[in-house]
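The values are calculated or read from the model by the stated rules, or taken from the named source; none is laboratory data. Computed from a predicted model, the values in this text were never measured in an experiment. Virtual Cβ from ideal backbone geometry, glycine too; neighbours counted across all protein chains shown. Quick note on the areas: whole protein, heavy atoms, side chains included, nothing else; ligands and nucleic acids left out. Shrake-Rupley method; radii C 1.70, N 1.55, O 1.52, S 1.80 Å.
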Amino acid sequence: MRVTITHMADEVIKVKNVKKYFSVAQKGEGFGASLISLVYKKYKEVKAVDDISFEIKSGEMVAFLGPNGAGKTTTLKMLSGILYPSEGTVSVLGYTPQNRQPEFQKQIALVMGQKNQLWWDLPPTDTFLLNKDIYSIPTSQYKSTLEELVDLLEVENILTTPVRKLSLGQRMKCELIASLLHLPKILFLDEPTIGLDLVIQKKMRSFLKKYNKKNDATIILTSHYMDDVKEVCDRVILIDHGHKIYDDQIDKLITEYANEKYLKIEFANEVSKENLKGIGSIIEFDGLQATVAVPRKDHAKKAAELLAKFEIDNIDIAEVELEDIILKYFTHQT
Amino acid sequence: MNNLLRYYKRSFILEVKRTIIYPLSFWIIALIWPAYSLFQIIFLETIYSQTNNFVGYSKYEAYVLFGTFTFVQTLGHLFFYRRLTELAYLIRGNADESFDIALTKPINTQIFTTTGRFNFGNITAALVGLVVVFYGLSQEPYSLGIVNIVSYIIMVPLGILIYYIMYTIISTFLFWYPELKMTENLWGSIQDFGQYPSSLYQGGIGIVLNILVPLTLMASVPVDFLLGKLPAPMLLLYYALVTILLLITRLFWNFSIKQYSSSSS
Amino acid sequence: MKYVRTFLLALQSEFISRANIVGWFIVGAIPSVILALVWLAILGDKQSINGFTKGDFVLYYLFVTFSWYIVGGNFAFPVGNGIKDGRINMTLLKPYNVVFGLCIQEQAWKALSFIIALPFALIVLYLFRDDIHIKLTLIQNVMLFISLILGAIIFAFLEALVGISAFWVTEMWPIAHVNDMLFSLFGGRMLPLTLMPPVILFIANLLPYKYIFHIPVSILLSKSSNMYLDIGLQFLYICILALIYQFVWIKGIQKYEAIGS
């Protein structure tokens, strides 16, 4: 496990030895088991989060990654005050999130993919006004923030359309605006781009980066889309079975744990797969194009070998994909 | 407090807007609930075709009682029903809205998730209730002092609060048993206890329904004050009782919300 | 077999929460308890009201509760909601009657509530043993059972019709509420029909609700003037409702746009 310890004065999130257990009822298969469960119920303790510690500085953009059921969202929910830790301490901006003090809540925002806070039958502007009242946002600040967010997310034309008539992408943009009107210092995003098309996903990522830069906001997100992670975040915390197994910059993850590089080749003429085998392990091949994984330290030599042996139109040297590294990590093949 | 008042003001405006945009629900509720009142009046008339005195209530006193219950119940529906019914879906996680997000808002979670959405269609039924009250009072020569009337007026809001308290307590059990499917139906059944005179419930049932779970506060007790069957100083007792119940509701909510385990992402 | 499996799965689903089982039992029992208290209070020291003695009232509302667990339920909403949001799409593609399936699912909580209510019923029968006198011949018992089943089928058709009204209306719940109210009043759930004003009785005779509860309970209390005729009328109503339902369902499916979830 690789951990980077920071001792900066501007740490906004401190998580120490946090555990979260759930008691889940167990039921066997079939009618008989159901009948028995009426009288006697078996419970299993599920360790959703099992001794996690980390710190996050102000302005950092961090991704929680891990397989389904790893404990990412549970961790996020403890940071935002939704769930109580079973053990350990959580401190966000100096507050204990579970106390749900208004002063704390006015500095955070939670956005969940495909969950609404917008009133369904009314235009988004109405929910914006409601949030303005809930967060006690002064009118002048509200107007300027709204204008800025609307401009950044390009939603001028849909603000007066009832939410039920908006597409998923439009709704998500408006959900983001509703969550950011009070200019939170910390943004918790749970699968924010789920179900969105590629164009909207890109726009959302670009927006988050701009928001982070402009407001020095700390962003923590969970996502299954690697592009969310690569394009938005600098740091990744890998979680598996409730444990933290990696915590450092994404670049370092790639350089330290990717001991290969990819050579992406476009051939002038069709070649046989057999001829490529000696170069490295073939990732993709269709006769005219191929991706070959070669040892990192030998990538230049291998590229030169290819250029000498084949007629090549184009050759790119690329890093191993982040998802491949993580997959490898989680299947313990590093 | 300012926060809450702003929230209510904004919610009210938004609900008015929604009602104007989609008036069908409003008209349906506005027409159906008074029809239900008609059925209840038929029931009343049937009872009094068999007797002149039902547990100490004459026919027109029963009209006053029924009218008061209708008024209180429909105002409870107006202010609290929608949000408390939606709460079940919020906690279970099968609503589009999320209880998780509600927990992160800088506003009292209980207030935010149990109040703030209105069912304006119930206004007609509330008016019907008032009409029935006045009808009942006009049919017999009551001597109503100013104390009686003021006591009644002071007690009616308590009845509406009892609606909120009881439905909230039932809904709070969802934090312990999120799989509960019948909270709305349960409240619908239990409320019916409140439409009859408190003298109907004797013994153990009487203790439960008049003190522990004082559903008779919804109508019978206010009417007893109006008709002089209860002395005015007892107002303080009932206010104290409701205050204690409000406190219990709050404590139970705060205790129960720690059980909230959130649905998976 | 598939509907037996549906029933068993629905039962298993109810077993997950004991609180649900208890809750549904209470929901079914409370209205009858209240109404029984009301009529016993009205009865007071009188021997009877319109031929209904103390024992008759207790038995009447006990029967109303139990027959609710057999006859009643609320599957109009799952049907209507399934049509509204497209959830019935997948089942429409299968050799499976979606409305009947939902009706079968509804029987699960009722069966459990019935079982839980049995001890309480025995307690009530014991407490009022001096007042309750059930004298039914074998034929009457058989007819009571048949009448109850027929009443259940009439109720099911009415619920199904309410549910499939969702093919045409966006808000189905008002129709469901009206149906419930009519059922409470004209079905005899609120009070025995024979105690009601003549005009109400006249209307009740024209509507199918009377044939759900009132006919079976009349047989139970030996107050039915001609139980064979009553049961015959139940059959007739079933035939009429079945035809109406079939017609409405076909029209509805033709109109149905699979909106998807």
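What is the mean number of Cβ atoms from other protein chains located within 10 Å of the Cβ atom of each residue in peptide B:102-114, rounded to a whole number? Spell out each step's value before the answer.
Working: counts 3, 10, 16, 10, 13, 6, 2, 2, 0, 0, 1, 0, 0.
For peptide B:102-114, the averaged partner shielding equals 5.
Which value, in debye to the nearest 20, describes the size of the charge dipole of segment B:92-189 about its Cα centre when Lys and Arg Cβ atoms bear +1, Asp and Glu Cβ atoms bear -1, and nothing else is charged?
On the way: 4 positive and 6 negative charges, 19 e Å.
Dipole size: approximately 100 debye.
Express the carbon and sulfur contribution to the solvent-accessible surface of segment B:1-259 as a percent, rounded to the nearest whole number, probe 1.4 angstrom.
Details: 7370 of 10370 Å².
Roughly 71 percent, rounded to a whole number.
Counting only residues 5 or more places away or on other chains, whose amide H sits under 5 Å from the amide H of A:VAL320 once H atoms are built in the peptide plane?
Answer set, sorted by chain and number: A:TYR262.
Multiplying the sequence separation of A:THR291 and A:VAL24 by 0.36 nm and subtracting their Cα-Cα distance, what value in nm do you get? Kindly include the intermediate steps, with their values, before the conclusion.
Details: separation 267, 0.36 × 267 = 96.12 nm, distance 4.57 nm.
Using 0.36 nm per residue and subtracting the Cα-Cα distance, I get 91.6 nm.
List the lysines whose Cα sits under 19 Å from the Cα of A:LYS77, skipping any in the same chain fewer than 8 residues away.
List returned: A:LYS14, A:LYS16, A:LYS19, A:LYS20, A:LYS47, A:LYS57, A:LYS106, A:LYS115, A:LYS185, A:LYS244, B:LYS105, B:LYS258.
How big is the B/A interface in buried accessible area, both sides summed, 1.4 Å probe, to the nearest 100 Å²?
On the way: alone 13780 and 17410 Å², together 28040 Å².
Chains B and A together bury approximately 3100 Å².
Sort all Cα-Cα distances of segment A:42-119 into consecutive 5 angstrom bins from zero, then give the percent of pairs in each bin up to the one containing the longest distance.
Computed distribution, short to long bins: 3, 11, 21, 25, 21, 12, 5, 2, 0, 0.
Would you calculate a helix-derived [θ] at 222 nm for chain B, using -39,500 (n - 2.57) for each DSSP H run of n ≥ 4 and dividing by the full residue count, to the nearest 500?
Values: 12 runs with 176 residues, N = 265.
The per-residue figure over chain B is -21500 deg cm²/dmol.
Quick one: which residues, 5 or more positions from A:LEU83 or on another chain, have an amide H under 5 Å from its amide H? H modelled 1.01 Å from N in the peptide plane, none for Pro or chain starts.
A:MET78
Within 10 Å, count the other beta carbons around each residue, average over each peptide in C:12-25, B:129-142, A:277-290, and list them highest first.
C:12-25, B:129-142, A:277-290
Could you sort the peptides A:50-62, C:120-132 by per-residue average Cβ neighbour count (10 Å cutoff), highest mean leading? Don't skip to the answer; put the middle values down first.
Values: A:50-62: 18.8, C:120-132: 13.0.
For the peptides A:50-62, C:120-132, the packing ranking is A:50-62, C:120-132.
On average, how many beta carbons from a partner chain sit within 10 Å of the beta carbon of a residue in C:77-84? Let's see the in-between values first.
Values: counts 0, 0, 0, 0, 0, 0, 0, 0.
For this peptide, the per-residue mean of nearby foreign Cβ atoms is 0.
Relative contact order for segment C:1-99: what percent, with Cα pairs under 8 Å and sequence separation of 6 or more? Write down the numbers at each step before the final one.
Values: 31 pairs, mean separation 18.2, N = 99.
Result for segment C:1-99 is 18 percent.
How many Å² of accessible surface get buried when C and B come together, counting both sides, probe radius 1.4 Å, rounded to the nearest 100? Intermediate values should be presented prior to the final figure.
Details: alone 13840 and 13780 Å², together 24590 Å².
Summing both sides, the interface buries roughly 3000 Å².
A drop of at least 20 square angstrom in accessible area, chain alone versus all protein chains together, probe 1.4 Å. Which residues of segment C:178-225 meet that?
Buried by the other chains: C:MET181, C:LEU185, C:MET190, C:LEU191, C:LEU195, C:PRO197, C:ILE200.
Report, in deg cm²/dmol and to the nearest 500, the calculated mean residue ellipticity at 222 nm for chain A, where each DSSP H run with n ≥ 4 adds -39500 (n - 2.57) and the sum is divided by the residue count. Could you put the intermediate results ahead of the total?
Working: 12 runs with 118 residues, N = 334.
So the helix-based figure for chain A works out to -10500 deg cm²/dmol.
Assuming 1.306 mPa s and 10 °C, estimate D for the protein assembly as shown with Stokes-Einstein, Rh taken as the Kirkwood radius over Cα pairs, in µm²/s. Display every interim value, and only then the final one.
Values: Rh = 31.3 Å.
D = 51 µm²/s.
Run through all the Cα pairs of segment A:260-331 and give the fraction in each 10 Å bin from 0, expressed as whole percent.
20, 54, 21, 4
Could you tell me the ratio Rg/Rh of chain A? Both radii from Cα atoms, Rh via Kirkwood.
Numbers: Rg = 24.1 Å, Rh = 22.8 Å.
Result for chain A is an Rg/Rh of 1.06.
Could you give the accessible area per residue of segment B:1-259, probe 1.4 Å, as a whole number in Å²?
Values: 10370 Å² over 259 residues.
So segment B:1-259 comes to 40 Å² accessible per residue, rounded to a whole number.
Taking only C-alpha pairs under 8 Å that are 6+ residues apart, what is the relative contact order of chain A in percent?
On the way: 585 pairs, mean separation 63.3, N = 334.
Contact order relative to length: 19 percent.
Determine the dipole magnitude for segment C:1-139: charges of +1 sit on the beta-carbon of Lys and Arg, -1 on that of Asp and Glu, nothing else is charged, the reference point is the Cα centre, and the result goes in debye to the nearest 20.
Details: 11 positive and 7 negative charges, 94 e Å.
That gives segment C:1-139 a dipole magnitude of about 440 debye.
Would you grab the residues whose amide H sits under 5 Å from the one on A:ILE283? Only those 5+ places off in sequence or on another chain, please, with H modelled 1.01 Å from N.
Close amide H contacts, sequence-distant or interchain: A:THR291, A:VAL292, A:ALA293.
Would you mind getting the accessible area per residue of segment A:260-331, heavy atoms of the protein chains only, 1.4 Å probe, in Å²? Kindly include the intermediate steps, with their values, before the conclusion.
Details: 4040 Å² over 72 residues.
Heavy-atom SASA per residue in segment A:260-331 reads 56 Å².
Can you give me the % of accessible surface on segment C:118-166 that is carbon or sulfur? Probe 1.4 Å, all protein chains present, nothing else counted. Don't skip to the answer; put the middle values down first.
On the way: 2040 of 2690 Å².
Using a 1.4 Å probe with all protein chains present, segment C:118-166 comes out at 76 percent carbon and sulfur.
How many Å² of accessible area per residue for segment C:89-159, probe 1.4 Å?
56 Å²
For chain B, find the longest principal axis of its Cα atoms and tell me its angle to the long axis of helix B:23-48, 0 to 90°, nearest 10.
Helix B:23-48 and the main axis of chain B meet at about 30 degrees.
Over chain B, what relative contact order in percent results from Cα pairs under 8 Å that are six or more residues apart?
Numbers: 312 pairs, mean separation 67.0, N = 265.
Relative contact order of chain B: 25 percent.
Output needed: percent of Cα pairs per 5 Å distance bin for segment C:1-260, bins running from 0 to the one holding the longest distance.
Taking all Cα pairs of segment C:1-260, the binned fractions are 1, 6, 12, 16, 18, 16, 13, 9, 5, 3, 1, 0, 0 percent.
How much of the accessible area of chain A, in percent, comes from carbon and sulfur atoms when a 1.4 Å probe is used? List each step's numbers first, then the result.
Working: 7740 of 15460 Å².
Taking all protein chains in place, chain A shows 50 percent carbon and sulfur surface.
Between the chain alone and the structure with every protein chain in place, find the residues of segment C:140-172 that drop at least 30 Å² of accessible area; heavy atoms, 1.4 Å probe.
When all protein chains are present, C:GLU171 each give up 30 Å² or more of accessible surface.
Between segment B:140-179 and segment A:134-209, what is the separation of their alpha carbon centroids in Å?
42 Å
Residue by residue through A:108-115, how many Cβ atoms from other chains fall within 10 Å of the Cβ on average?
Working: counts 2, 3, 7, 2, 4, 1, 3, 10.
For this peptide, the per-residue mean of nearby foreign Cβ atoms is 4.
Which positions within segment A:128-149 get 20 Å² or more of their accessible surface covered by the other protein chains, compared to the chain by itself, with a 1.4 angstrom probe?
Relative to the lone chain, where solvent access is computed with a 1.4 Å probe, segment A:128-149 loses at least 20 Å² at A:LEU129, A:LEU130, A:ASP133, A:ILE134, A:TYR135, A:SER136.
Working from Cα positions, state the angle (0 to 90°, nearest 10) between the long axis of helix C:2-15 and the longest principal axis of chain C.
For C:2-15 against chain C, the angle is about 70 degrees.
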